[in-house]
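Working notes for the structure below.
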Amino acid sequence: MMQQSFRSVEGGAWPPFGVFLSRVELKARGSTMLLEFRGNVFWSQCLRLSIITLASLAFAEASAENKTNAGSDIPVDLELVIALDVSTSMDREERLLQRDGFAAAFRDADILRAILSGPNRRIAVTFTEWAGTSRQNVILEWSVVSDAASAEALADRLDVRIPGRLPMGTSIGDAMRHAASLFHDNGHTSQRRVIDISGDGINNSGPDPALIRDALVAQGITINGLPITYKPLLEGVADAVGMPLPPHYLIDYFSRAVIGGTGSFVEPVPAIEEFGAAIRRKLLREIRGSNEVAALQPGPLNR
């Protein structure tokens with residue numbers, strides 16, 4: 001801030017060269033630098049140069065401070081990437097049930113209590129959709145959920161999203177690789193990084209999901225699965241293997257080739273009316289980070 005005031009000299013006359021007192025205050029990191037200049041127009045040019053120099057120094061200092069603050073990640077109890085299957089084998093009703101199930105879960109009182117029970121009393125969540133190779137799309141950026149208001153706000157944002165429908169098959173390996181990339185420089189830090197991946201079929205394009213899974217587990221990331229198993233012929237699986245298979249085939253596949261890491265588990269969706277309940281059970285277990293939900297029926301399967 002700069003304040004400039006003209007002072008009178010002998011007899012109250014204004015000096016022809018504009019003698020003045022200039023006061024410059026620049027604040028950086030809570031400290032104040034005060035400068036006073038007195039003189040004629042020549043000195044006013046010196047003052048101008050001094051102001052520019054000091055302002056540049058203050059700006060550089062403030063920028064360095066902002067950079068430091070920006071680099072300070074927010075501690076949370078869980079960083080959770082929710083990866084939603086929107087491949088062509090998922091019809092519109094299923095994609096809406098998937099979206100609505102997660103929105104309802106974040107409005108659930110037990111979910112909120114689980115979030116508030118952690119030492120930091122907050123988690124960070126992002127949502128992405130996936131299908132075939134290079135077919136991934138982040139639909140909700142990272143959000144911190146720490147109270148009823150923030151949980152409701154997240155659910156509201158999810159409610160208004162129209163679920164996508166992406167082509168090019170089912171690439172679970174690429175979906176996991178994409179989900180893991182979202183942890184990088186996300187502005188949060190935690191002891192647990194979890195990928196929550198849903199799907200109604202096996203991998204039929206892109207990298208081997210088991211190889212991607214092993215690489216991510218080595219980085220300390222946990223992958224949990226939500227296989228959708230209620231379809232009579234498991235269309236998503238039949239598309240890949242050319243024949244109908246029983247529901248337990250997809251559960252076994254997720255257990256064998258998808259999930260991994262500390263406390264990883266599979267939570268099947270055994271019936272279309274169970275979509276919301278399965279999502280709620282899965283989120284509770286992921287947020288709590290323990291086996292205390294394992295007794296809930298139908299029970300999650302550990303790897």
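Stokes-Einstein diffusion coefficient for region 167-206 at 4 °C in a medium of 1.567 mPa s, Rh from the Kirkwood formula over Cα pairs: what value in µm²/s? Let's see the in-between values first.
Details: Rh = 11.7 Å.
Rounded to a whole number, D works out at 111 µm²/s.
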**Item:** Cα point-scatterer Debye curve for region 77-149, base-10 log of I(q)/I(0) at q = 0.11, 0.14, 0.20 Å⁻¹
**Value:** -0.33, -0.51, -0.89
**Per principal axis, descending, Cα span of region 104-231 in whole Å** = 40, 33, 28
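So, by mean Cβ neighbours within 10 angstrom, what's the order for 172-179, 259-266 with the highest one leading? Numbers along the way, then the final one.
Numbers: 172-179: 24.9, 259-266: 21.0.
In descending order of packing, they fall as 172-179, 259-266.
A short reminder: the numbers here are calculations on the coordinates, not readings from a lab. Keep in mind it's a predicted model, so treat the numbers as computed, not measured. Glycine also receives a Cβ, built like all others from the backbone with ideal geometry; neighbour counts cover every protein chain displayed.
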